[in-house]
1. With farther than 17 Å from residue 21 by Cβ and buried (at least 18 other Cβ atoms within 10 Å of the Cβ) as the only criterion, which of 65, 58 stands out?
2. Just give me the residues in the range 22-81 being farther than 21 Å from residue 204 by Cβ, among the acidic types (Asp, Glu) and at pLDDT 85 or above, in sequence order.
3. So, in the range 1-17, of the ones that are out of contact with any Ser or Thr (no Cβ under 8 Å at 6 or more places or on another chain) and at pLDDT 85 or above, which residue ends up nearest to residue 103 (Cα to Cα)?
4. Name the single residue, out of those in the range 2-22 being assigned to a strand (DSSP E or B) and not hydrophobic (A, V, I, L, M, F, W, C), that is surrounded by the fewest Cβ atoms within 10 Å (Cβ to Cβ).
5. If you scan the range 151-173, which residues turn out to be without any contact (Cβ under 8 Å) to a residue 40 or more places away in the chain and surrounded by fewer than 17 Cβ atoms within 10 Å (Cβ to Cβ)?
6. List every residue pair whose Cβ atoms sit under 7 Å apart, with the two residues 6 or more apart in sequence or on different chains, where the first one lies in the range 56-82 and is within 19 Å of residue 115 (Cα to Cα) and β-branched (Val, Ile, Thr) and the second, anywhere, is open to solvent by 10 Å² or more (accessible area, probe 1.4 Å) and in a loop (DSSP other than H, G, I, E, B).
7. Regarding the range 235-250, can at least one residue be identified that is free of Cβ contacts under 8 Å to residues at least 60 places away in the same chain, part of a strand (DSSP E or B) and not aliphatic (A, V, I, L, M)?
8. Given the conditions (1) open to solvent by 10 Å² or more (accessible area, probe 1.4 Å); (2) over 23 Å from the mean Cα position of the chain (by Cα), which single one is not true for residue 201?
Amino acid sequence: PTQCDNWVRTSNGGHFASPNYPNMYPPNQECIYILEAAPRQRIELTFDEPYYIEPSFECRFDHLEVRDGPFGFSPLINRYCGLKSPALIRSTGRFMWIKFTSDEELEGKGFQAKYSFIPDPDFTYLGGILNPIPDCQFELSGADGIVRSSQVEQEGKTKPGQAVDCIWTIKATPNAKIYLRFLDYQMEHSNECKRNFVAVYDGSSSIENLKAKFCSTVANDVMLQTGTGVVRMWADEGSRLSRFRMLFTSFVDPPCSGNTYFCHSNMCINNSLVCNGIQNCAYPWDENHCREKKNTGLFEQITKTHGTIIGITSGIVLVLLIISILVQVKQPRKKVMACKTAFNKTGFQEVFDPPHYELFSLRDKEISADLADLSEELENYQKMRRPSTASRCIHDHHCGSQASNIKQSRTNLSSMELPFRNDFAQPQPMK
């Protein structure tokens, strides 16, 4: 806010004050000051009189918050309020983060602070050259992008064996919010948040804006409510294998306008993110049914570049395959035709396809046997007719009356002169 623009900077330090100082500061104010010294220097902060900030228990209402570092999550030095100005405050590094906050009632005169830079006693000159300390900070913006821990090593922000304490500031497109989705996440020492973690802040790096903090084996997606996101990674000297990779997407709330796509999850993304091969929505609606819009793959690129060679080769292979199939199909047919010329169809039919061969049951077989016996008896009877009368008497004497009856019946059969033909010969054995 414009009321906080009362900050004067010089090469050796500067000074700043609460809004309207030395008059009463207005209600509902929030002013943030980030002091930065040169490498290998520290900061000393002092307060002038008069000094008055609404007193309260643990300074929960109006207060002045000072942190030892450049971020709102840096180590807290103290919170100050009341009638007495704070004592001299020194930083342990080259940054100091200060925030003044007032609520809606009971205002005071506020404060005025001065700061100066002093040499850092923990560092000495090496050959008259002062090596600068790299700041591990990154900034990203746009419709989407990738936040990755590998950027720290690639840009040489930290040396091997040193702890990692880096921050990524993300700026969404105008009037948009930020959706964060983890693509890769691994903490070397799981569930040890003091050794390694990934923290996400919504709006600023202030500790009260902490949205989520991950140090276990799983990291969930985060939906921010503002257009500014801050991601911090901390890993001590023994946790350098900890890593993460995160996708950020700018989105607006429905209803979606003409240049946005509705994600079916209370978010609208830019149309340029649809069918780009990356899931920007919370659910993969933006990548469904995108086969015709996806970028050509390696195979398609090779096909376009060497289409003639691949086409000719495929045609030759196809022709050879067809010739091989035709040869295999026609060769067996020639052998069959050669065998047909020497084949005796009549003999083959007589053996395997008899013209009068019929099926019969066991009962039919028994009847055929009885008819064969009857035929034999009729032949014997014809022979018996030729002997003399005496032989007939002898035959009658031995056969008895029953034989006479049989003879009479057979005589009657003879007198009837029935035509008879022996058709009951046993069938020839099948070959």
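1. Step by step, each of 65, 58 is checked, and only 65 is farther than 17 Å from residue 21 by Cβ and buried (at least 18 other Cβ atoms within 10 Å of the Cβ).
2. Of everything in the range 22-81, those that are farther than 21 Å from residue 204 by Cβ, among the acidic types (Asp, Glu) and at pLDDT 85 or above turn out to be 44, 54, 58.
3. 17
4. Here the answer is 10.
5. 151, 153, 154, 155, 156, 159
6. That search, which allows pairs on different chains as well, returns 77/68.
7. Checking the range 235-250: not a single residue is free of Cβ contacts under 8 Å to residues at least 60 places away in the same chain, part of a strand (DSSP E or B) and not aliphatic (A, V, I, L, M).
8. (1)
The values are calculated or read from the model by the stated rules, or taken from the named source; none is laboratory data. All values derive from a computational prediction rather than experimental measurement. Using ideal geometry, Cβ is built from the backbone for each residue, glycine included, and neighbour counts are taken over all protein chains shown. Just so you know, the surface numbers come from the protein's heavy atoms only, side chains and all, with ligands and any DNA or RNA stripped out. Shrake-Rupley method; radii C 1.70, N 1.55, O 1.52, S 1.80 Å.
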